[in-house]
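Written below as structure tokens is the structure these notes are about.
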Amino acid sequence: MPPRPSKWIKRNDRPEPLLSPSVMQGRNGNTPTSQQNQPFAPITNQPISAFRATSNMNLSVAANAASGVLFQNEQFDLANEYNPDTSTFSPRTAGVYSLNASVEFQANANVDFNLEVVFLVNQDVVGGNNETQAGNLPAVVAITEILQLNAGDTVTVAMRSTAAGTIQATTRTRFAAARVPSLTS
């Protein structure tokens, strides 16, 4: 092992910025001159919308059967748009929404299986993710989408597994959404 240095090399006292000075000053080469060096102006007068819910009860699922996922434990709902009885999110305001969900699933047998999780918007499949799992370890499949939703749309989460098993009531079985400020809504 080489000997430890007895003196540290002194570097410039000011750390280098992570961004170039022109970017920090609002000039990135793509910004029109009229918009350069302007302070950030947040979009105002848009309703706040966000919720998060988790599952509080294990749910048995048959092999190859599509099943709605239940998220009965509402952790918060800023605009009263989530119904924990039906595990349905229904925005009151049209806009762009960030949706996140994950499902923890435990197969009943030590088999290889495929687990698919999707969002249903007005009962139509939108987005999704699937994963192949080997053995008897729990599988967690997460999905994230950014969608333009209309007021009154219904959003739920569904899953299907090629093996019979149980949706686990853990914090990893969760459903959340938040409205993203946008100029189109």
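The values are calculated or read from the model by the stated rules, or taken from the named source; none is laboratory data. Since this is a predicted model, take the numbers as computed values, not measurements. Neighbour counts run over all protein chains shown; Cβ positions are idealised from the backbone, glycine included. Just the protein is used for accessible areas: all its heavy atoms, side chains included, with ligands, DNA and RNA removed. Shrake-Rupley method; radii C 1.70, N 1.55, O 1.52, S 1.80 Å.
Checked across segment 90-104, the condition of being among the acidic types (Asp, Glu), touching a Phe, Trp or Tyr at 6+ places or on another chain (Cβ under 8 Å), open to solvent by less than 50 Å² (accessible area, probe 1.4 Å) and not in a loop (DSSP other than H, G, I, E, B) holds for no residue.
Among all positions in segment 144-154, there is at least one residue which is modelled with pLDDT of 95 or more, in a strand (DSSP E or B), among the charged types (D, E, K, R) and farther than 17 Å from SER60 by Cα.
For segment 147-168, the tally of residues that are open to solvent by 30 Å² or more (accessible area, probe 1.4 Å) and of a type in the set (S, T, N, Q) stands at 5. In this structure, does VAL117 turn out to be in contact (Cβ under 8 Å) with a residue 60 or more places away in the chain and assigned to a strand (DSSP E or B)? For VAL117, the condition - in contact (Cβ under 8 Å) with a residue 60 or more places away in the chain and assigned to a strand (DSSP E or B) - is not met.
Of the residues making up segment 79-89, those that are open to solvent by 10 Å² or more (accessible area, probe 1.4 Å) and among the hydrophobic types (A, V, I, L, M, F, W, C) number 1.
In segment 72-89, what residues are over 19 Å from GLU145 (Cβ atoms), in a strand (DSSP E or B) and not aromatic (Phe, Trp, Tyr)? Hits for segment 72-89 are ASN73, GLU74, GLN75, ASP77, ASN83. Given the structure, is THR144 surrounded by 16 or more Cβ atoms within 10 Å (Cβ to Cβ), polar (S, T, N, Q) and either under 18 Å from the mean Cα position of the chain (by Cα) or within 21 Å of SER182 (Cβ to Cβ) (or both)? In short, no.
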